[in-house]
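Chemist: The structure is given below, and queries will be raised subsequently.
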Amino acid sequence: MKTGHGVIQGYTGVAAVDNKHQIVIHAEAFGQGQEHGLLKHVLEGIRGTFDRNDNKAKRALKKAKITADSGYHNREMLEYLESEGIDAYLADTGFRSRDPRFKDHKEPQARNRRKDKERFAQSEFIINRDQRTCRCPAGHVLWLKASKARIGHHLFMQFQAYEKDCAACSLRKRCLRNPNQRTPRQINVALDITREQKAGIIERMKRKIDSPRGRYLYSQRLGTVEPVFGHITDAIGIRRFSLRGKQKVDGQWKLMAMLHNILKIHRYGWAWE
């Protein structure tokens, strides 16, 4: 699967943990690096854990508050949560940038920042939104790669230069990040977002999680689930799957979660009575 560390042969182990005792309620392994869409499967697993009677489980899940990081945030998942009446708090990629507590936080220096200043800015390209045309500073016409492309939660009109134009261009060093790169320059033009789109389901979740109550509830996520992964990998010493095939790996991941739960109950069960 494709990950931030390259393409690897592996699985994603997902766990749902209760806030009070850090007990794994449901664990499941998936053969994909991206977490988009996985929360639905986990919620269905939680229902099965609480009660086999779907109506009772659905009522129990509606009383809970679900927190998940930005990896699970997408429009389809938010629509599912609203349709099921589940009180969820899902962070988006810009969550921390809107948090006033991080206003003095210094962003890490971006790679190629100096080169970016030397490059032609998008404002130096002649762009006609109505006619969907784009011309580079060297006078070459870029072709319309996509009239409406989604990047994250935003829509863009994408233009890309022709390879033959970039290869022989005298301004190549001022246009590309790396003069030796083979891919030509691409321009992403943000499309206007209507007021109806701004008030959509993504904006509603942003307002919910940016509220004082939302920030308080979401702040508990880090101290709820991350120690469980740390306990499994560092204290127990299980750092990787040793089997192959989704069914076997899923069973192994569930056994890891059970081992964590047994140790929790063995050491602290007396305090929960």
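The values are calculated or read from the model by the stated rules, or taken from the named source; none is laboratory data. All values derive from a computational prediction rather than experimental measurement. Cβ placement follows ideal geometry from the backbone for every residue including glycine, while neighbour counts extend to all protein chains displayed. Ligands, DNA and RNA are stripped out before the accessible areas are found, and what is left, the full protein with its side chains, is counted by its heavy atoms. Shrake-Rupley method; radii C 1.70, N 1.55, O 1.52, S 1.80 Å.
Chemist: Report those helices (runs of 4 or more DSSP H) wholly inside the range 209-273 carrying at least 3 residues which are within 17 Å of Q22 (Cβ to Cβ).
Modeler: By residue number, 220-230, 246-268.
Chemist: Related question: Which ones in the range 28-47 are hydrophobic (A, V, I, L, M, F, W, C) and part of a helix (DSSP H, G or I)?
Modeler: Quick first cut of the range 28-47, residues hydrophobic (A, V, I, L, M, F, W, C) only: 29-30, 38-39, 42-43, 46.
Residues satisfying the conditions are L38, L39, V42, L43, I46.
Chemist: Could we say that R182 is more than 25 Å from Q131 (Cα to Cα) and touching a residue at least 40 places away in the same chain (Cβ under 8 Å) here?
Modeler: no
Chemist: Now, a different point. Scan the range 252-273 for residues that are of a type outside the set (A, V, I, L, M) and more than 15 Å from T12 (Cβ to Cβ) and jot them down.
Modeler: Within the range 252-273, the subset of a type outside the set (A, V, I, L, M) is 252-254, 260-261, 264, 266-270, 272-273.
Across the range 252-273, the qualifying residues are H260, N261, K264, H266, R267, Y268, G269, W270, W272, E273.
Chemist: Taking R132 as meeting all but one of (1) modelled with pLDDT of 90 or more; (2) within 24 Å of L81 (Cβ to Cβ), write down the number of the exception.
Modeler: (2) is the only condition that R132 fails.
Per-residue answers, yes or no, for (1) touching a strand residue (DSSP E or B) at 6+ places or on another chain (Cβ under 8 Å); (2) β-branched (V, I, T); (3) in contact (Cβ under 8 Å) with a residue 60 or more places away in the chain:
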{"residue": "R221", "(1), (2), (3)": "yes, no, yes"}
{"residue": "G237", "(1), (2), (3)": "no, no, no"}
{"residue": "F241", "(1), (2), (3)": "yes, no, yes"}
{"residue": "Q247", "(1), (2), (3)": "no, no, no"}
{"residue": "L255", "(1), (2), (3)": "no, no, no"}
{"residue": "K264", "(1), (2), (3)": "no, no, yes"}
{"residue": "Y268", "(1), (2), (3)": "no, no, yes"}
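Chemist: Among the residues that make up the range 43-64, is at least one of them at pLDDT 90 or above, open to solvent by 50 Å² or more (accessible area, probe 1.4 Å) and farther than 22 Å from K264 by Cβ?
Modeler: No: zero hits.
Chemist: Still on this structure, please answer the following. If you go through the range 124-140 one residue at a time, how many are open to solvent by less than 60 Å² (accessible area, probe 1.4 Å) and closer than 15 Å to F156 by Cβ?
Modeler: 3
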